[in-house]
Amino acid sequence: MIENFDKFKKIHFIGIGGIGISAVAQMFLKEAKEVSGSDVAESMVTDSLRALGAKISIGASAENISKDTDLVVYTIAIDDKNPEIIEAKLKNIPLLTYPETLAIISKNKKTIAITGTHGKTTVTSMIAKAMKDLGFDPTVIVGSFLKEWKSNFLPGKSEYFVVEGCEYRRSFLNLHPFILVINNIEVDHLDYYRDLEDIKSAFRELAGRVPKDGFIVADLSSDTVRDVLSEIMVPIINYKDFELSDFKLEKMPGEHNLNNARVVFSVVDILGGKMEDVKKSLQNFDGVWRRFEYKGVTLNGAEVYDDYAHHPTEIKAFFSGMREKFGDKKIMAIFQPHMISRTKDFLDEFALSLSGFDKVLILPIFKARDEEEQNISSQDLVNKINEIKNIAEVALDFDTAKKILKDCVDKDWVVATIGAGKTNLLSEEIVI
């Protein structure tokens, strides 16, 4: 059993361009370990890792696993047929999934794990900033790039480890939380979970792992969350109890972001930080990559924002923030559904969440996790939206979307590119 990473000198990552696993690669690079990796395509992540000294190959090959490799770390999306997995086994090189790697890091730190269906990245980023500003100096792994540090990994010298805990495939059960944050619990990942009860069972098991001297921060106004925590015997802090009537996040509008801030106040309060210092820190919070991110203006003068929202609840929250910021200004959404299964499972909910916009373009579904074809398409979502309000049409590709934008959007509009796929690339193409 691997207790720590001290003895490993040369580590290879399969899927190194992933936003989480790349943070671990950065951690090892900063510890002067030799890091290599592979991924299916070049990206800003692979570029940044190369700049730090990682050797990266595009495409999987047994040749990428040298005989002096000490450890192979891989994303859970990789299967046993991957040639690098096969080669590592043939050479008896230890293999760890990304969540298993986090488990080892977490076990040796006081871990603050941020979980929930929505808001994990923003809350993790806010907690990271507040703890850094207040001198707690945590090590941080976050599922996006923190604008202030231009990184998804922050090294720290203290005992604290701040990390997102992903519920997909129960990955977060690898963590050892001292403070467990549960932002919310809703139905998602039905390509893995059976139903809400199955999802709740995973959160219940994680909550049961918090030690007696630990804490849970959660929204106790939620029936689902209360049910999960009903038999948990550690202190539970209701983040909704923090009064923030005199506080506003200038760059991150919306009630959901005020709730995110309440989580931060709750966590830092447990650690003994001063609330006025937290307010000062968060008022300067510059946001996170792909979370209500301002991209620029189009040739016709429309402002463009990009957001990672890929669940109906997240789209509603994002739209609420847009309305708070822009009032009655017209807003066009360009949405790329993420995963065939999620689109099918939440078709009605997606339609309702998108119906508040003034104009909606739906790009082809972004396929992930080797999904099988199902009887669902972007046109089905357009039809559902138009049953509520006749505002939607399909854009078969980026060029089509750009032409529609050019024809009907001017300075009186705001454009929002939305989704967990590649819409951020479109946002960069349409700004000047």
Where a label projected 7 Å from the Cα of Leu258 along Cα→Cβ would reach, residues of the stretch 319-343 with amide N under 20 Å: 319-328
Listed residues Met126, Thr75, Leu95: farthest to the positive end of the dipole of the stretch 60-138 (Cβ charges): Met126
Integer Hz, Karplus 6.51/-1.76/1.60 couplings in order for the stretch 412-419, x for Gly and Pro: 7, 10, 10, 10, 10, 8, 10, x
Cα centroid of the stretch 381-413 to Cα centroid of the stretch 138-203, whole Å: 34
FRET efficiency for Trp149 and Gln374, using Cβ-Cβ distance with R0 set to 60 Å, rounded to 0.05: 0.90
Table column - 3J(HN,Hα) (Hz), the stretch 291-306, Karplus curve with 6.51, -1.76, 1.60, x for Gly and Pro: 10, 6, 8, 6, 10, x, 10, 7, 4, 8, x, 7, 6, 10, 10, 10
Spin-label proximity, Asn284 to the stretch 134-165 - amide N less than 17 Å from point 7 Å beyond Cα toward beta carbon: 134-138, 146-150
Accessible area of Met27 in the full protein assembly, 1.4 Å probe (Å², nearest 10): 20
Pairwise label distance in nanometres, Ile86 with Lys212, each label 7 Å out on the Cα-Cβ vector: 5.2
Loop sites in the stretch 58-100: trypsin sites (Lys or Arg not before Pro), DSSP, at most 12 other Cβ within 10 Å: Lys67, Lys81
Reachable aspartates and glutamates from Lys295, criterion Cα separation under 14 angstrom, eight or more residues apart if same chain: Asp286, Glu303, Asp306, Asp307, Glu428, Glu429
Option label - Kirkwood radius over Cα pairs in Å computed here, alternatives (1) 22.7; (2) 26.3; (3) 27.0: (1)
Added length on full extension, which subtracts the Cα-Cα distance from 0.36 nm per residue, Asp241 to Phe326: 27.7 nm
1.4 Å probe accessible area per residue over the chain, in Å²: 43
All lysines inside 17 Å of Lys384 as judged from Cα atoms, apart from same-chain residues fewer than 8 positions distant: Lys316, Lys344, Lys359
Accessible surface of Glu428 - all protein chains present, 1.4 Å probe, nearest 10 Å²: 90
Estimated dipole of the chain in Debye, rounded to 20 [Cβ of Lys and Arg +1, of Asp and Glu -1, Cα centre]: 1020
Computed label-point distance, nm, for sites Met1 and Lys248 using a 7 Å Cα→Cβ extension: 5.3
Long-range HN-HN contacts of Ile331 with modeled amide H, under 5 Å: Asp358, Lys359, Val414
Relative contact order for the chain, counting Cα pairs under 8 Å that sit 6 or more residues apart, in percent: 12
Neighbourhood charge, 11 Å Cβ-Cβ cut-off, centred on Leu90 and excluding it, Lys, Arg +1 and Asp, Glu -1: +1
Carbon/sulfur fraction of accessible area - the chain, other protein chains in place, 1.4 Å, %: 49
Whole-Hz ³J(HN,Hα) from phi, Karplus 6.51 cos²θ - 1.76 cosθ + 1.60, for the stretch 213-220, glycine and proline x: 8, x, 9, 10, 10, 7, 9, 7
With all protein chains modelled, accessible area of Asp306 [1.4 Å, Å²]: 0
Spin-label proximity, Asp137 to the stretch 144-168 - amide N less than 17 Å from point 7 Å beyond Cα toward beta carbon: 154-162
Expected 222 nm ellipticity per residue - DSSP helices of 4 or more, -39500 (n - 2.57), all of the chain, to 500: -10500 deg cm²/dmol
Virtual spin-label span in nm between Lys157 and Glu197, 7 Å along Cα→Cβ: 5.2
Anchor Lys55: lysines whose Cα lies under 17 Å away (excluding residues fewer than 8 positions away in-chain): Lys9, Lys10, Lys30, Lys33, Lys67
Positive-end residue, the chain charge dipole about Cα centroid, Cβ charges, pick of Phe5, Ile19, Pro235: Phe5
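The values are calculated or read from the model by the stated rules, or taken from the named source; none is laboratory data. Bear in mind that the values here come from a model prediction, so they are computed numbers and not experimental data. As a convention, Cβ positions derive from the backbone with ideal geometry for all residues, glycine included, and neighbour counts pool all protein chains shown. Side chains are part of the model used for accessible areas, which takes the heavy atoms of the whole protein and leaves out ligands, DNA and RNA. Shrake-Rupley method; radii C 1.70, N 1.55, O 1.52, S 1.80 Å.
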